[in-house]
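Asks: Would you mind keeping the following structure in view while I ask a few things?
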Amino acid sequence: MKVHYFIIIIQAFLHTVVRLLPIGLYFFCYFSILLFQDMRGLLLFFGLLSNDVLGTIYKKMYKVPDKYSCSILGSPTGEGAPNLPNTNTNYISFILSFFVCNSIEKGEKNPTTVIFTSLLLALTIWSRTSTGCKTIKKALISCIIGFIYGALYYYFISDYWKDAEKGYYERKVCDQGYKDYKCSTIKNGLIIEKEQKRDLQKLEEDEEQKRREEIYEPYPDLN
């Protein structure tokens with residue numbers, strides 16, 4: 001009996017986590033921008049926002065009714081709060097598609113993010129179908145839509161993403177933990193050479209001394 005009760009608690013916890021995932025994604029993007037100054041969070045934020053705008057337009061055009069089982073919040077009267085513009089499976093499949101495209105373009109051989117997001121999508125599908133929010137068919141359709149939009153969005157902002165990624169890693173390596181070094185050569189967004197600040201300062205002093213000598217060098221006697 002205790003084991004069965006424990007399983008029920010675990011299931012309820014997982015359902016709660018899945019319900020709050022869309023809000024969690026927005027908060028993740030927000031804190032990435034605010035705390036880590038990572039512009040990739042801003043690009044993901046705009047992707048989620050534009051996806052929600054399309055979802056809102058679709059729901060208004062086809063008058064899609066809200067379902068209590070799909071609501072992320074409830075009320076004391078037993079009525080659910082309005083649903084989000086998109087389903088949870090759509091949000092996660094959008095993120096998964098985005099990072100799959102990014103991994104393919106970079107040729108990553110250890111796509112940890114893709115594997116983790118795939119497992120999260122499987123958990124989301126299980127939760128949404130077991131709570132009666134979605135049928136398997138509707139959940140898969142929602143995933144397909146999310147995959148398509150995620151791939152399209154990455155296609156259009158991939159250059160901005162690479163620039164933001166490059167800038168983040170440059171700051172991370174150049175500005176942290178290297179008091180006596182500064183970046184000197186950067187290739188494809190990765191630092192491949194560093195020079196000591198002391199050596200650079202000495203070089204600058206030598207150049208300054210040479211300039212002074214040239215300035216105060218007497219003019220040659222023309223007689």
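Asks: In 10 Å bins starting at zero, report the fraction of Cα pairs in the stretch 18-132 per bin as a rounded %.
Replies: In order of increasing distance, the bins hold 13, 37, 35, 12, 2, 0 percent.
Asks: So how many Å³ per residue does the convex hull of the Cα atoms of the stretch 9-79 work out to? Spell out each step's value before the answer.
Replies: On the way: hull volume 8.7 nm³, N = 71.
Convex hull of Cα atoms, per residue: 122 Å³.
Asks: Could you order peptides 62-68, 9-15 by the average number of other Cβ atoms within 10 Å of their residues, highest first? Intermediate values should be presented prior to the final figure.
Replies: Working: 62-68: 10.3, 9-15: 12.3.
Ranking the peptides 62-68, 9-15 by packing returns 9-15, 62-68.
Asks: Which entries of Lys106/Lys138; Lys59/Lys134; Lys2/Lys134 show an alpha-carbon separation above 21 angstrom in the structure shown?
Replies: Working: Lys106/Lys138 32 Å; Lys59/Lys134 16 Å; Lys2/Lys134 30 Å.
Result: Lys106/Lys138; Lys2/Lys134 exceed 21 Å.
No lab work stands behind these numbers, since they all come straight from the coordinates. Everything numeric here is computed off the predicted structure, so don't read it as measured data. With ideal geometry, Cβ positions are generated from the backbone for all residues, glycine too; neighbour counts draw on all protein chains shown.
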